[in-house]
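Beneath this line is the structure, given in structure tokens, with notes to follow.
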Amino acid sequence: MKRNFVSIIAIILIILGMIFSPWVTVSFAKNRAIHSFEGRWKNVQDGCGFNCKDCGIKTTKKVLFGRKVTMEYACGLLPSDSPKYHKTKELFVSLIGTVH
């Protein structure tokens with residue numbers, strides 16, 4: 001009986017740790033999001049990237065099972081480096097480091 005109670009408590013603690021995922025820090029989420037995004041555009045000529053004014057990671061928000069990361073970027077040849085030509089995207093970085 002006591003062994004079952006300890007097992008149940010351990011499982012609950014593991015699940016809570018996964019839900020709140022404290023190891024998914026702001027810097028971890030930013031790095032994973034940037035590497036994932038740049039990896040998608042690696043061999044694309046005139047692809048998308050962060051080489052524009054005020055582009056990059058804008059916000060991160062703690063959510064269940066990971067973090068939401070909002071980024072600003074630009075694609076292709078731009079008439080001018082103006083925010084009206086920039087795009088934003090929201091990505092989810094999971095507790096195991098995958099980016100969606």
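Data table
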| quantity | calculated |
| --- | --- |
| Linear extension gain, K58 paired with T25, 0.36 nm per residue minus alpha-carbon span | 10.4 nm |
| Dipole magnitude of the chain, debye to nearest 20 (Cβ charges: Lys/Arg +1, Asp/Glu -1, about Cα centre) | 440 |
| Potential extension, F65-H100 segment - 0.36 nm per residue separation minus Cα distance | 11.4 nm |
| Computed lengthening from N43 to S80, 0.36 nm per intervening residue step minus Cα-Cα distance | 11.0 nm |
| Whole-number Å³ per residue for the convex hull built on Cα positions in the chain | 84 |
| Heavy-atom accessible area per residue - the range 17-59, 1.4 Å, Å² | 69 |
| Carbon plus sulfur fraction of accessible area for the chain, probe 1.4 Å, in percent | 61 |
| Of K61/K84; K2/K62; K2/K61, pairs whose Cα-Cα distance is over 30 Å | K2/K62; K2/K61 |
| Label-point separation in nm, A10 to T88, each point 7 Å along Cα→Cβ | 4.5 |
| Candidate aspartates and glutamates for bridging to K30, where Cα separation is under 13 Å - those fewer than 8 sequence places away on the same chain excluded | E38, E72, E90 |
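The values are calculated or read from the model by the stated rules, or taken from the named source; none is laboratory data. Owing to the predicted nature of the structure, the values given are computational and were not obtained by experimental measurement. Note that each Cβ is placed from the backbone with ideal geometry, even for glycine, and that neighbours are counted across all protein chains shown. Accessible surface areas use protein heavy atoms only, side chains included; no ligands, DNA or RNA. Shrake-Rupley method; radii C 1.70, N 1.55, O 1.52, S 1.80 Å.
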